[in-house]
Amino acid sequence: MQPYDERLTAPRSWWFIAFLIGLATALIMLPFGTLPMLGGLIGGGALACVAVSSYGSARVRVVAGSLVAGEARIPVSALGAAEVLDAAEAAAWRSYKADPRAFMLLRSYIPTALRVEVTDPQDPTPYVYVSTRDPEGLAAALTAVRA
C-alpha cells in the first residue's frame, strides 16, 4: 500500500499579506500612542496569521481504507474511478462543469486536482473534487488501497 499524506498550505504571498494586515492595524492604532500601535501590530498580525493558517491547514490523506479530505472521511469502497485533472480541466470542474451536490476540497492556489466518482447508491454526492499538488500520487494511493 502506498501511503499518501499532503497538507494544502497557503502560498507565501498570503503570509506577506498577513504581515501587511498587522502593519495596517498598527498604523490605525498609531494616533492612540506607541503601546496601542504595538498591540495593533502584534494583535492584527496574529489574527491574520491564524486566519491564513487555518485556511491552509487542510490535509488530504489515504489512511485505514479511507480518503480523508479536510473534514470528510470517505471509504475507498464507496469510490469509483479517479480522474487526474490538469490545470485547465481542474478550472473547468471548479466552474461551469461543477455539480452543486459534489464534495469539493478546493484551494484556488493549487492548479491541479483529482476527481473521484462516488459509487455508493445511498450517497447523493456524484463525485469528490480534491485539490492536490500530486493528483497522480493520490490516484495511485487510492488504487493501491482498492487492490
Within the stretch 1-77, strands (runs of 3 or more DSSP E) holding 1 or more residues that are surrounded by fewer than 19 Cβ atoms within 10 Å (Cβ to Cβ), touching a residue at least 24 places away in the same chain (Cβ under 8 Å) and of a type in the set (Asp, Glu) | 4-8
Return the residue satisfying two criteria in turn: it lies in the stretch 95-138 and is of a type in the set (Lys, Arg) and either open to solvent by 70 Å² or more (accessible area, probe 1.4 Å) or assigned to a strand (DSSP E or B) (or both), and of such residues it is nearest to Leu67 (Cα to Cα).
-> Arg115
Could you tell me whether Ala82 is of a type outside the set (Phe, Trp, Tyr) and either within 28 Å of Ser13 (Cβ to Cβ) or in a helix (DSSP H, G or I) (or both)?
-> no
Report yes if Tyr109 is at pLDDT 95 or above, out of contact with any His (no Cβ under 6 Å at 6 or more places or on another chain) and among the aromatic types (Phe, Trp, Tyr), otherwise no.
-> no
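The values are calculated or read from the model by the stated rules, or taken from the named source; none is laboratory data. Owing to the predicted nature of the structure, the values given are computational and were not obtained by experimental measurement. Heads up, the Cβs are rebuilt from the backbone with ideal geometry, glycines too, and the neighbour counts pull from every protein chain shown. Calculation scope for accessible area: heavy atoms of the full protein, side chains included, ligands and nucleic acids excluded. Shrake-Rupley method; radii C 1.70, N 1.55, O 1.52, S 1.80 Å.
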